[in-house]
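Q: What follows is a single structure, and I will ask about it in a moment.
The values are calculated or read from the model by the stated rules, or taken from the named source; none is laboratory data. Worth saying up front: this structure is predicted, and the values here are computed from it rather than measured. Because the Cβ atoms are built from the backbone with ideal geometry, glycine has one as well, and the counts that use them run over all protein chains shown.
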Amino acid sequence: MWKYGNPRWCRARRLATACFQRRIVDLRSDTVTLPSLGQRTAMACSDVGDDCKGEDATVNLLQKRMARLLGKEEAVLVPSGTMGNLVALAVHCPR
C-alpha cells in the first residue's frame, strides 16, 4: 500500500505535477497572452470583413462548417456562452 511518505509515491506525484504545470496554457484574455509570429502572420494574411453584414469570409466558412457538422441549415457564431444561451432561449421560448 502506498503512503504519503513512500519515496516512489512522492516522485510520481512530483513528476505528475511537473507535467501538469508544463501543459497549462493561460487563455483568459488577449491581454494576458501574446500571439506568436505564426499567429500574427495568419491574422495579417486573412480575409477580413464585417461579420455582422455577412462579409467576413472566415466567419461565414466557420458557420457553414458548423451547420454541416451539426446537420442544420444554418449556424450563427456568437462571441460568448452567455450570448449563445440567450439566443437559444429566444429561439425556443414563445414571446
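Q: When the residues of region 64-82 are narrowed to those that are surrounded by 12 or more Cβ atoms within 10 Å (Cβ to Cβ) and under 15 Å from the mean Cα position of the chain (by Cα), which ends up farthest from ASP51 (Cα to Cα)? Steps first, please.
A: Start the filter on region 64-82 by keeping residues that are surrounded by 12 or more Cβ atoms within 10 Å (Cβ to Cβ), which leaves 64, 66-67, 75-78.
Remaining after also requiring under 15 Å from the mean Cα position of the chain (by Cα): 66, 77-78.
On the way: MET66: 16, LEU77: 9, VAL78: 11 Å.
If we take residues in region 64-82 being surrounded by 12 or more Cβ atoms within 10 Å (Cβ to Cβ) and under 15 Å from the mean Cα position of the chain (by Cα), then MET66 is farthest from ASP51 (Cα to Cα).
Q: If you go through region 83-95 one residue at a time, how many are loosely packed, with under 10 Cβ neighbours inside 10 Å and not hydrophobic (A, V, I, L, M, F, W, C)?
A: Residues flagged as loosely packed, with under 10 Cβ neighbours inside 10 Å and not hydrophobic (A, V, I, L, M, F, W, C) within region 83-95 amount to 3.
Q: Also: Quick one: which residue in VAL48, VAL32 is under 25 Å from GLY84 (Cβ atoms), among the β-branched types (Val, Ile, Thr) and at pLDDT below 75?
A: On the way: VAL48 fails: at pLDDT below 75.
Being under 25 Å from GLY84 (Cβ atoms), among the β-branched types (Val, Ile, Thr) and at pLDDT below 75 holds for just one of VAL48, VAL32, which is VAL32.
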